[in-house]
Amino acid sequence: MTGRARSAHTARVGDDEPDRPRYWFEAKRYGWGWDWPLTWQGWLAYAVYVGVLLVPTFRSHGDIAVIIVVTAVATPVLFAVCLWKGEPPSWRWGDGTSSEGTGSGRDLPDRW
């Protein structure tokens, strides 16, 4: 992958351990994906994404085809940035455990 160590302990803003990577985006506590940015670079990535989505909305005079194309290009780019600079995603259940999706069904909560 990207050479990042996959561990339950991630570098947060203010961590003093230089051997751990510093992530721009924290993994979500529940579910799969990323939460709010941890650094200014993450906030900048989100702001650029929103700006890229808003500019054609106003400049194309509501042409839905332009908006769809821009969204279809910008969203995978943001996803790639989150994969590259964010904490490695996995299914999380809020208690600090993560599931890599073994496919056995044992990684699902009891309510399912």
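The values are calculated or read from the model by the stated rules, or taken from the named source; none is laboratory data. From a predicted model like this one, the values you see are computed outputs, not experimental measurements. Cβ coordinates were reconstructed from backbone atoms using ideal geometry, including for glycine residues, and neighbour counts include every protein chain displayed.
If I go through the stretch 50-70 residue by residue, how many of them are in a helix (DSSP H, G or I) and exposed (fewer than 14 other Cβ atoms within 10 Å of the Cβ)?
The first filter runs over the stretch 50-70 and keeps only residues in a helix (DSSP H, G or I), leaving 50-59, 64-70.
When the remaining residues are screened for being exposed (fewer than 14 other Cβ atoms within 10 Å of the Cβ), the result is 50-51, 54-55, 58-59, 64-65, 68-69.
Selection size over the stretch 50-70: 10.
Out of the stretch 71-92, which residues are part of a loop (DSSP other than H, G, I, E, B) and under 18 Å from residue 37 (Cβ atoms)?
Step one: list which residues in the stretch 71-92 are part of a loop (DSSP other than H, G, I, E, B), which gives 87-90.
Residues satisfying the conditions are 87, 88, 89.
Please verify whether residue 15 is at pLDDT below 80 and either part of a helix (DSSP H, G or I) or in contact with a Lys or Arg (Cβ under 8 Å, 6 or more places away or on another chain) (or both), treating the condition exactly as stated.
Yes; evaluated as a whole, the condition is true for this residue.
Just need a number here: residues in the stretch 18-38 that are surrounded by 16 or more Cβ atoms within 10 Å (Cβ to Cβ) and touching a residue at least 24 places away in the same chain (Cβ under 8 Å).
8
For residue 47, state whether it is in a helix (DSSP H, G or I), closer than 23 Å to residue 27 by Cα and touching a Phe, Trp or Tyr at 6+ places or on another chain (Cβ under 9 Å).
Values: in a helix (DSSP H, G or I): yes; closer than 23 Å to residue 27 by Cα: yes; touching a Phe, Trp or Tyr at 6+ places or on another chain (Cβ under 9 Å): no.
Against the criterion (in a helix (DSSP H, G or I), closer than 23 Å to residue 27 by Cα and touching a Phe, Trp or Tyr at 6+ places or on another chain (Cβ under 9 Å)), residue 47 does not qualify.
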